[in-house]
Each structure stands twice: as C-alpha cells, then as structure tokens.
Amino acid sequence: MADDPAAAFRLEAEDLLEQVESSLLDLGQDLANQGLINAVFRGLHTLKGSGAMFGFDALAAFTHHCETAFDRIRKGITPATTELVGVILSAKDHMRTLLGDRPEDHAAEGDAILAQLAKAVAASEGGAGDAVAAPADAEPAGAMQLRFALPANALGNGINPLALLAELRELGAANIRGHREALPPLGAFDPADCHLCWTAELPASVTREEVEDVFIFVMDDMELTFEPMGAEPTASAAGDVTMAAASTGTATERAGEPVAAQVAKAGESVRVPAERLDELMNRVGELVIAQSRLAQLANHRGAVDEVMLRAISEDIERLSSELRDTTMVLRMMPVGSLFGRFRRLVHDLARETGKAIELHTEGEGTEVDKTVIERLADPLVHLIRNSCDHGLEPVDARHAAGKDPTGRITVSAEQAGGEVIITVADDGRGINRQAVRAKAEAQGLIAEGAVLSDHDLLQLIFHPGFSTAAEVTNLSGRGVGMDVVKKTIESLRGSIAVTSTVGSGTRIALHLPLTLAIVECMFVRVGSARYAIPLSAVEECLELPAAETMRDSGRSFLDVRGELVPYLRMRELFRSDHPTDLYQKIVIVSASGARVGLVVDQIIGNAQTVIKPLSRFHARAEAFAGATILGDGTVALIVDVVQLLSQTQRQGRRAQAMGDAA
C-alpha cells in the first residue's frame, strides 16, 4: 500500500473527509463560528488540491465548487445556514464516492448536489445569482505588486507552482513573471529543488488575506512580499519569463501534515502508535536471544544443565506472555473512532423525523479489539435508529410532558474487568410493557397471561420479526433491527441488558469481551473431558453439598447466601458416562442478568488461551464458542455461557409447556 500513491491519497482523503464532516456537524450547532468555517474551508481546499495532484480530477472539480461556496461564507458574503450545511454534508458523501474506481458513473448525482448547493447559497443570500460558480477574473487595477519565492523543497513535498499561479489568476493577478536569476550553475543544479521566484500585479480589490489563502500550506517557509506598483522591481528584467495562465481545474496544494508515528488505517489496517511497535520489536529481540540460548543448550554434548534449562524456560514463558499482551494491545482501538460516525447518523435522523435530537458520547478513549469495533457498527446503528424513532417523543409531546424539547441520546463505553460495556440510552418515553406483552402473545411467543420477569419481558424485543410499531416506516417497523443486534452481540460472546422506565427513557447495555483472539478461562473437568469457561462470566466457585450430590438428576436450586440459584449438571448436558466424582464442584456464572450454577467434577485452574473457531460441521453445537489446544496437545471446548443459558431456558420452557398441556 505504501508504494501506491493513489492508495495513500485515499487513506489521507478519508481522514480529511472525517474532519470536514466533524466540523460541519459542529457548525450546524453554531453557524456563526468562524473557526469551524475556516476548518471546513481548509479541509475542502486540501482535498481539492491533493485530488488533482494524484489524478482524482473528478473529485478535484467537484470539490472546487464546494470550496468556492464555503469561501463566500468565510468572507461573509454568504451567511451559513442549516440547509447549506446539510447540502455540503451530502456533497461530502459524494466526495467519498468519487474516491472509487469509476467516478464517471456518478456524474449525474454530483450535478444534482451542485444544483442543490447553488439553490442553498442563493437562498442564503436572499436570491443572489450563481454564487457557486467560480468568481470571474477582476480587471487588474495595478494597485499592488506581489513577489514570492517558494521553499527549496516545495517540489519534493508535492507542491505544483503552476497550480498556485492558476489560483492567483483566479483572484485577478496579471503580468505574472518568473525570475530565474537564482538558478545555480548546471553542475550544481538539483532538479528536485525550486530555484525560481515570481512577481505579479494585483488589483486593488484583492486583499492580503486572499493571497495568503493561496499559499496556506507553505506560508511558514516561503518568502512573500507586497509592494506598491511604483516601487523598483527587485528582480532583473533580463531574467523574466512570462507565465501563461494555467487551468483552474488542476489546482494542487500540499495535502496536510504527515501522520506522525502512526500506521494509516483503511480496510484491514490499524493505526498503531510507534512506541507500541518499538515495544513489540524489543520483545521479539529478547525472544530471539532466548531461542539462541536454548539452541546452544540443545547442541551441548553431555549432561544438560537443569538450572540453565529452567532459567531459559522461565525467560521464554515471560517473553511469550509479554509478547501476547503487546500483540493484543496492537489490535486495540479506541471506541471514539466508532462513536464519531453516529453524529452524522443522528443529524440525518433528526431531519428525517422532524425531532430535535442531540447526541452525547462518553468514554471515547476506551479501547476494544479491532474486530469487535468493526462488528459493532451495525448493531449500534440499529439501536440509535430505534431510540430516535421509537424512544424519543416529538417536540410537542416532550413539551406536554414537561421535558426539554430536545431529546438526548447518550452512547457511552467503559471497561469493567475483562469486558467492555457499551450503552445506548435515551430520555424518551420508555418501553410500553403492555404493548410488548400483547405483541408477544399475538405472535405466540408467550402463553396468554404467562408470568415473566421484567428482564425476560424486555428481552422479547430482540425476537426476530418483533416490532410494536403501528406502521412500517423508512426507519423501523419490520422487526429486523433488534434481531440483528442480538445475533451480532451473541456472536461476539456478549450479552445484552435492557432497563426502561416509562416516561423517563430506555437504557440498553452491551456487555462484550475486550478481545476475541485470547480469553482468560477457567478450566474444568466433566467426566474424562476438559472444558473452558470464560473467566469474565464466572462469579464464584463452591463445593456442591453432599445432599445435592445425591439428589436425582435434573434442574435444581442451591441456596447461595440467601438467594436461590438454579444449577445444571454438565454431565447430563454433555452426556458423560464417566463415573461421578465424590466431591463435585459448582461454578456460578452470570450472563444477561441471570445467574446459574454449572456442576463439574473438578476445577483445574485458570489460564489465558487462544480461541480457535469450530468447523462448519460443528455449527449446531451452539453451547460452545470455540476450542483451544492445551499444553498436552488435547482439545478443550470453550463454553459459550450466553448460548448455554439460552438453550437451557428454551428447554425449560418447552418442558413447562408440555407439563401444562398434560
């Protein structure tokens, strides 16, 4: 990727587009903020120039019109409006499309957006003419003479002087001349350096700020002077070279500052701070040294020095642990990269629903495995859409209820032990439990009048095809969104907890493991087989009382400090025919708000293990999340606590239904 200039530009363009979108969304809340207006203009200016430099001409031409419109806003000619910001957001989406391989296929879409942009600018100016079109060349008034010299390394940094001169021509500059008296002798000439300087005549209507905007990315290192037209020229006329006007559609500027100490992210790449890579290299270097010591010991003739062998083994164990931890950290990404996408989503949903909605985010610095973040995007989109459409009331209803007319959606993240909890909460109307029950009974999900806990009742909203919406809209009503949320979270070995207060809002918490590659497990023995239980789900371990050991098979309850906890015999679940141990143990696990005990023969201990996915032939083994290879080469299945509890609950409901029918 590093050898492909177009791919490198796409990476940088994605960052620029994210910055532009963030500034536009902030600007929508504060239309008079000049700093945000300038930030959007700089982003568009950079994107236009960089696109032309790397051959993305369609992108450069389209962005040029958007830049021109924002230039008018920046100069105070056109006031910023919500409609104008919305059109530029749509234009930003089209710019991302133009980064693809066939931008010509989307020309009609771009023309439609530019027409909307011209209409929005005209409406903002009170019916002014074609405000989007590039400003016409002004008649030179001969008021000022401009002299400038670019940095010597400008060409090496990707600056195209012809493009800068073209922008000066757009401002109305005339008699642009290049001066070559600074050219070195041929023997000392370096074609990568810029040795020319230029002079130009500027009309009185051009301000110093407008000229400095042309050189915005090289201002710190260049020479730039303004002189009255009557002043003596500082350059020799014999060295002048008249410059022809360049096309305005090929403007090129430096594409922003380089990203320091990071690896760019796109597709399957991840941003990694340089210090983490240095740490990884140090660990690998130490491991190579330990391996060399081990090889030397193995090739030694005679008796093996057990003390040295033990020392090398301890070093390799330590380094393997540190290397594992360092590698896991490399995959970790802050959830802020995910939360940032939802600002635009909420902005668009507010416009579509006609509601006043604001988004708040908390815990953006919480780090989660890259795979978890990638797969969380769709579930969180569904939850936020559901909150905007179902949860939050219209402005009039909120007024009548004595609430703030602006609804609030909060997306937060926090780390708790070996898991991360991502929460989507709103201050809307809450979940109507009567409506949920009526819909569940109508669909046959529960028996009429069945006694359900509040947790079980609220979990019904995640059933496939379940929706309490009166009609299907563009946002919801088909009963697929929450089903997608549940399936995705369970595939990530996570769980969902729902709490809701009528009239005050709903809170949906997603409990997820920090990483999917390595998991801390408790190893247990059931019969002759060994299993692994994720330690994040384990609450405590107890010895099964003798009275319970002698109890008949089936589901039973254990009094744990005054609370009745149901327990399951894993020997029965996994159909083990091995003789029962005399002293059995019970592991209390929890998931989705439920606590259950798992009876095992022996607790072996805890260890971190690498998860290996099961083959497609074992896809029906829903009780297991994967497998791991133990030190002796045998395989241990990893128990999926959430699926195991769901499976046993379904079996319990079926048994109860059969008992009621009998």
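The values are calculated or read from the model by the stated rules, or taken from the named source; none is laboratory data. What you are looking at is a predicted structure, and each value in this text was computed from that prediction instead of being measured. So basically every Cβ, Gly included, is an ideal-geometry build from the backbone, and we count neighbours across all protein chains shown.
Annotations
- Residue selected from the stretch 11-38 under the condition surrounded by 18 or more Cβ atoms within 10 Å (Cβ to Cβ) and among the small types (Gly, Ala, Ser), by the criterion farthest from residue 213 (Cα to Cα): 28
- Scanning the stretch 131-147 for residues that are among the charged types (D, E, K, R) and at pLDDT 55 or above yields one hit, 147.
- Where helices (runs of 4 or more DSSP H) fall wholly inside the stretch 398-516, the ranges with 3 or more residues that are out of contact with any helix residue (DSSP H, G or I) (no Cβ under 7 Å at 6 or more places or on another chain), modelled with pLDDT of 85 or more and surrounded by fewer than 13 Cβ atoms within 10 Å (Cβ to Cβ) are 433-442.
- The set of residues in the stretch 183-197 being out of contact with any Leu (no Cβ under 7 Å at 6 or more places or on another chain) and closer than 15 Å to residue 148 by Cβ consists of 196, 197.
- Taking first residues from the stretch 84-96 that are of a type in the set (D, E, K, R) and partners that are in a helix (DSSP H, G or I), the Cβ contacts under 6 Å between residues at least 6 apart in sequence or on separate chains come to 92/17; 92/20; 92/21; 96/17.
- Residue in the stretch 605-614 that is at pLDDT 80 or above and over 42 Å from the mean Cα position of the chain (by Cα) present: no
- A residue that is assigned to a helix (DSSP H, G or I) and in contact with a Pro (Cβ under 9 Å, 6 or more places away or on another chain) can be found somewhere in the stretch 99-112.
- Members of the stretch 298-310 that are of a type in the set (A, V, I, L, M) and either within 44 Å of the chain's Cα centre (by Cα) or modelled with pLDDT under 80 (or both): 303, 304
- Residue within the stretch 319-335 that is under 18 Å from residue 410 (Cβ atoms) and either assigned to a helix (DSSP H, G or I) or hydrophobic (A, V, I, L, M, F, W, C) (or both) present: yes
- Boolean, residue 128 is at pLDDT below 70, farther than 16 Å from residue 87 by Cα and in contact with a strand residue (DSSP E or B) (Cβ under 9 Å, 6 or more places away or on another chain): no
- Cβ-Cβ contacts under 8 Å between residues 6 or more apart (or on different chains), taken from a first residue in the stretch 104-124 that is over 12 Å from residue 91 (Cα atoms) and modelled with pLDDT of 85 or more to a second residue that is among the β-branched types (Val, Ile, Thr) and assigned to a helix (DSSP H, G or I), are listed as 120/87.
- Filter result (closer than 29 Å to residue 370 by Cβ, among the small types (Gly, Ala, Ser) and surrounded by fewer than 22 Cβ atoms within 10 Å (Cβ to Cβ)) within the stretch 517-535: 517
- Reported count of residues in the stretch 634-652, each being surrounded by fewer than 14 Cβ atoms within 10 Å (Cβ to Cβ) and either modelled with pLDDT under 80 or aliphatic (A, V, I, L, M) (or both), is 4.
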